[in-house]
Every structure is written in structure tokens, then in C-alpha cells.
Amino acid sequence: MSMSWADSVSAAENPAGAPSKSAYVPPHLRNRPSTDPPAQALYAGAAASLGNDHSGYGVPNVVGSRWSGQRNEYQSGYAGGGGRGGGWNGRSGGWDRGRDREVNPFTNNDSEPVSELESSAINFDAYEDIPVETSGDNVPPPVNTFADIDLGEAVNENIRRCKYVKPTPVQRHAIPISLAGRDLMACAQTGSGKTAAFCFPIISGIMRGQFPRPPRPRMAFPLALILSPTRELSCQIHDEAKKFSYQTGVRVVVAYGGAPINQQLRELERGVHILVATPGRLVDLLERARVSLQMIRYLALDEADRMLDMGFEPQIRKIVQQMDMPPPGVRQTMLFSATFPKEIQRLASDFLSTYIFLAVGRVGSSTDLIVQRVEYVQETDKRSHLMDLLHAQKENGVHGKQSLTLVFVETKKGADALEHWLCMNGFPATAIHGDRTQQEREHALRSFKTGHTPILVATDVAARGLDIPHVAHVVNFDLPNDIDDYVHRIGRTGRAGKTGLATAFFNENNSSLARSLSDLMQEANQEVPAWLSRFAARSTYGGKNRRGGARFGARDFRRDSSYNRGASGGATDYYGGGANMNSGYASGGYNASFGTAGVTSAWD
DNA sequence: AAAAAAC
């Protein structure tokens, strides 16, 4: 088998590696004399310096929008700052050397490459017909290939290293929108490539833009902020973003709670372009005056509907509206989620300026790739029922590394109890929830991912965004109260074009979910048991409205008649661009992108 | 009512 891209890159960069191998030279180092790194002093300057002097990248960021004037104002006055030898030039001094050497993120890949056989067995034709809906003013057209997008040579190299052959549907639409400088509310199933969809334009924009030096030392002035609702998800986004920005000179730093703050502070002091964070730790850093948001040009909220729900909204408002972040229209804001309830869209519109709404039909979850089952199980029978499922799985040989089972429960206590009970009964299980230490949480996740403990009991902390390859079975031991949470949970399986199974234990306690669950399953062509239909018919409907047809996670609330009546005439006219329904732009098809081994991580 | 998120 031939060497993978990542392997060849790492081999080329390994000083101990055979010199006979054709050495890979990153683009920005080509045609450069290989001199010794400059003195330490140079690096010291770079530590707090954000001045971008990417010779060759100094293209002004021309934004073809009505805010370009404002945005350029933000840029003006920067140019003088990052002079030669300052700013990120420092990386040639410090970055590439000793402990400051940029770690190759493509080497220690803990997820094994998918075998050719395995991936070729998947039918990717389903992706040809993914419906897409856009609404808003002057929507930039989608692209078909990465080559159609000018992200810059260094990012293109990383796309190749990631083995992304073609953009995923959400990427094809979201990247041009984002590169055009437009605000975006994007609704696309988890596992649809959202992380890359917002990272690529941010990285490329930072590489091309002109930015001032940070005005103060010991205070970090990120240019982009990516917020997510859980620590593990922030880590995952950080890992992805590091890959996408490898050798671009763009620095990504992550900050989250439960981990020692000092190391995070040191990383921040060394300079940060893109800050990935959970809200609590970021507020802490802001109050300590170790981070300023005044230079933020890009704001991305992942799992945006969760970020704006009751628990998080005050913190998010504080960060986005009550600190020193530039207002909408000056910064560029992108919201991503698999589900987007109308009430949340209404809240979110405060953060956006003339935005484009993008809905990409469900990609993995609740479509053909996930078989959804609902079983009627009394509370007292749940454990023995779970054991039956696990025994059956064991006998079928679907146990171990290639086949993981994720069990969702309602409470943290319940998670501890079930984990203990499973272990007592000889099942290799671990658990993750918010009362565990961060160390325990990370250990549990690692142990699960590697197949060391192929059963993970989890609360909703693990429901969103986490990309865990090989999850074959999601068990909703306790169903959530919200159908959107159900959608996110089962989205942990059936990823990257693989099939998955989702089993839910249903009883009287879940009657409020009966209607939306049976609707959802019906939409996904799943078999709805007759007893569930009866439950659904019986229940007074308290759930969510059908979300604009079966094929989308949500519909642009601006198109809702009640909104248009309530809004001023001006607002209605504003969005007069209307909606564009496109069924499958897939001229080239997605086969290539899915048929390649190792594309798994593209899908989150 | 629970979960998540700072120390």
C-alpha cells in the first residue's frame, strides 16, 4: 500500500527519517535559503504580536458588501504595525524551532484509516440528492470543487493532507457565502463537514488580511472566536482547526474550563489568531483582562441553538454584546447547528447582519443511514433490556474496537449507576458527564474511542458534535425531552456515510415526545410501531412544530408568515431576496469525496 | 427537572 500524504509529510519532516525520500517543502518555505533561525529576541516580539506580515499574503481583504467600508476601517492603521521582522515573521524565528516547532497534526492520528473495502461498500449516491435551501439577499452561488475556491496554497495543501477530495454539501454553499464576507445561519446535520466549512474561510481570511499589532502585551487579541457548548467539542474543533491551519502561520489556541488555566494563558501569550473556547472559561479570561475581543473579525458559534438556549444565552450575550467585540456588520458572524428552532433563530438574528440562511438536508442522521428503533420498555426493565441488546451484539461479533455502543441517560447519577452496573455484569463500560473531572472525562472518551471500553454511558454532554468513529449503536436508555436533542444524540452514529443503529427505550414518561418522535421517524422512512402512533395520537401536542418539511432541520424563520406580519415593512423588504430551492447541485457527485479512505473527519 | 459552562 502506498504511503499516505500524512505519512510522507511526517517522514519528510522527521529529522531522523531517511533523507533519500523526496522531502516535502511547504509552500511558504520554498525558494527560501535555509538559514539558522534568528535570535531569540525576534521570537519574544512575536509572542504577543499579531501583526500579519505574510509577504505574499498581503492582499487586502476586499469584501464585496455594504459593510466593506467599515471593515476596511478596521484594517486601516494596521498596515504599519506588522513590519518586517515583527508580527508573524517571528514564527520563522521561534515557531519552527525547538519547543516552538509547530507540531505536525497529521501524524499521531488515533483513528485508523478506513479500509478501501469498507468505504467502497457504501452507497454514496444518496448524497446526490441532498436538498438545499438558501434565503437572503444576493446569495453567492455554490462551488463544486475546492479548486473553484481560492483559499490559498497553504490551505489547499492541508485540504489534500486531510484527504478531502470534494467539498461536502454544506461546504459547497457555506464557504462561498463566508468568503464573500456574508453573515450566515447554517443548518446542517452534524457530520456534514461544518467545522471545515467555517474554518477554511476564517483561516484564509486571516492569511490574506492586514491586521494591526496587538496594542498590549500580556493580553491576547484574537481575530476569530469559535464558541462551542462543551469542552470536548472545543478540543475537537481545535484539533481540526490546527490541521487546517498547519504551516499557514495562523495560530489556533483553545481555552476551556476544568483544565489548568496557566498553560492556556501561556499559549495565549504566544499569540493567537483563532481562539476556540467554551463560554465560561472565556468569560473568566475576559474578566482577568487576558483576552480582548476588540480585534475580532470572525465569530462562529458551533451548535448555535444550544449556545443560545436558556442555560447559555446570558453568557453568550455577555461575550458577544457586552464586552469589546465589534458589532454585527463589522465582524462577520456564522452560526452553525444541525437543528435551529424558530425561537432560537429569532434570538440569533440579534447577532447577525443581513445574513443568509442555509439549510442542507439531513445528511446522516435520521435518514437511511441510521436505522431507528423504538422499544417499549418500562423503567424497571431498562437494565435487563439493555443487557439483552448488548449480549445480542456480542454474539454477532459486533463488539470491540470496530463497533462502539453509546448509551445516553438523563442524569449524571444515572450515568454513574449504569456504568457501575454494566461493569459489575462484565461489560466493559465507562461513563462521561459533567460531574466528572476533566481528566476523567477525557480519559473516558479516549478509552471509548480506542475500543478499550467499547461501551460509553453518557449524559447530554456527549450528545452534540463529537466525532467518534465506529459508533455502531446509540441507545437512548432514557429519551430526552426535546426532539432536537434526540436528533443530535443519534447523530453520533451513522457518520461519514456509514450505517448506524439507534435504539430508544420508550415508556409513559416519554409521552410528550411521542408525537415529534413518530413524525421524525416517519420522515426518515423508519418503521413506526403501532403503539407509538397511538401514543402520538393520544398526546396533546406540546412538541415542536414540524420544521418546514421533512428534509430540513429547520426553515428560515424570516419566511414564516407570522414573522413577516409582525415585522416592519422594511424588514420584510430587506429579505426580499426570497428563498432559492435547489435540489442537488450535485453535478459532479460526491462519490469521490466519500470513496476515499480516511475522509471520516471531513464530516464534522 | 436535568444538563452544560469558571474558580
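The values are calculated or read from the model by the stated rules, or taken from the named source; none is laboratory data. This one's a predicted model, so the numbers in the text were calculated from it and none came from an experiment. Cβ atoms come from the backbone with ideal geometry, glycine included; neighbour counts cover every protein chain shown. Keep in mind that these areas ignore ligands, DNA and RNA; they rest on the heavy atoms of the full protein, side chains included. Shrake-Rupley method; radii C 1.70, N 1.55, O 1.52, S 1.80 Å.
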Just the C-alpha atoms of segment A:389-521: what Rg/Rh do they give, with Rh taken as the Kirkwood radius?
0.94
Please report, in Å, the Rg and the Dmax of segment A:168-227, where both are computed over Cα atoms only.
13.8, 42
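Please report, as a whole percent, how much of the solvent-accessible surface of segment A:289-412 comes from carbon and sulfur atoms (probe radius 1.4 Å). Working shown, then result.
Working: 2290 of 4420 Å².
Roughly 52 percent of what the probe reaches on segment A:289-412 is carbon or sulfur.
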What nm distance separates the two modelled labels at A:Thr437 and A:Glu527, each placed 7 Å from Cα along Cα→Cβ?
4.7
May I ask you to work out the translational diffusion coefficient for segment A:129-205 at 25 °C, viscosity 0.890 mPa s, via Stokes-Einstein with Rh from the Kirkwood sum over Cα pairs, reported in whole µm²/s?
193
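On full extension of the chain, what length is gained from A:Glu269 through A:Asn481, given 0.36 nm per residue of separation minus the C-alpha to C-alpha distance? Before the final figure, lay out the partial values.
Values: separation 212, 0.36 × 212 = 76.32 nm, distance 4.27 nm.
Extra length available between A:Glu269 and A:Asn481 comes to 72.0 nm.
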Which parts of segment A:493-518 would a label at A:Ala392 reach, counting a residue when its backbone N lies under 16 Å from a point 7 Å out along Cα-to-Cβ?
A:500-506
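Give the relative contact order (percent, whole number) for segment A:166-279; include only Cα pairs under 8 Å separated by 6+ residues. Don't jump to the answer; show the numbers that get you there.
Numbers: 146 pairs, mean separation 32.0, N = 114.
Relative contact order for segment A:166-279 comes out at 28 percent.
What does the highest-first list of A:163-169, A:214-220 look like by mean Cβ count within 10 Å?
Numbers: A:163-169: 23.4, A:214-220: 16.3.
In decreasing order of mean packing, A:163-169, A:214-220 become A:163-169, A:214-220.
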Where only protein heavy atoms count, and the probe is 1.4 Å, what is the accessible area per residue for segment A:374-441 in Å²?
52
Cα-projected label distance for A:Gln322 with A:His420, points at 7 Å along beta-carbon direction, nm:
4.0
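Based on the Cβ-Cβ distance of A:Thr411 and A:Glu153, what FRET efficiency does E = 1/(1 + (r/R0)^6) give at R0 = 45 Å, to the nearest 0.05? Display every interim value, and only then the final one.
On the way: r = 50 Å, r/R0 = 1.12.
For A:Thr411 and A:Glu153, the calculated efficiency is 0.35.
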How do the peptides A:457-463, A:419-425 rank, highest first, by the average count of neighbouring beta carbon atoms within 10 Å per residue?
A:457-463, A:419-425
Using the Kirkwood radius built from alpha carbon pairs, what does the Stokes-Einstein equation give as D for segment A:263-356 at 25 °C and 0.890 mPa s, in µm² per second?
176
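Can you tell me which of A:385-395, A:465-475, A:252-262 comes out highest on packing, and rank the rest after it, using the mean Cβ neighbours within 10 Å? Show your work: numbers first, answer last.
Working: A:385-395: 15.6, A:465-475: 22.5, A:252-262: 19.0.
Ranked by mean Cβ neighbours within 10 Å, highest first: A:465-475, A:252-262, A:385-395.
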Calculate the spin-label point distance for A:Ile261 paired with A:Asp284, positioning each point 7 Å from the Cα along the beta-carbon direction, and give it in nanometres.
0.6
Long-range amide H contacts for A:Tyr376: which residues qualify at under 5 Å (H placed 1.01 Å from N, peptide plane, sequence gap of 5 or more or a different chain)?
A:Phe506
Considering only protein heavy atoms and a probe of 1.4 Å, how much of the accessible area of segment A:153-194 is carbon and sulfur, as a whole percent?
54
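Can you check what the net charge comes to around A:Arg317, using other residues whose Cβ is under 13 Å from the Cβ of A:Arg317 (Lys, Arg +1; Asp, Glu -1)? The partial results should precede the final answer.
Values: positive: A:Lys318; negative: A:Asp309, A:Glu313, A:Asp350.
Summing Lys and Arg as +1 and Asp and Glu as -1 gives -2.
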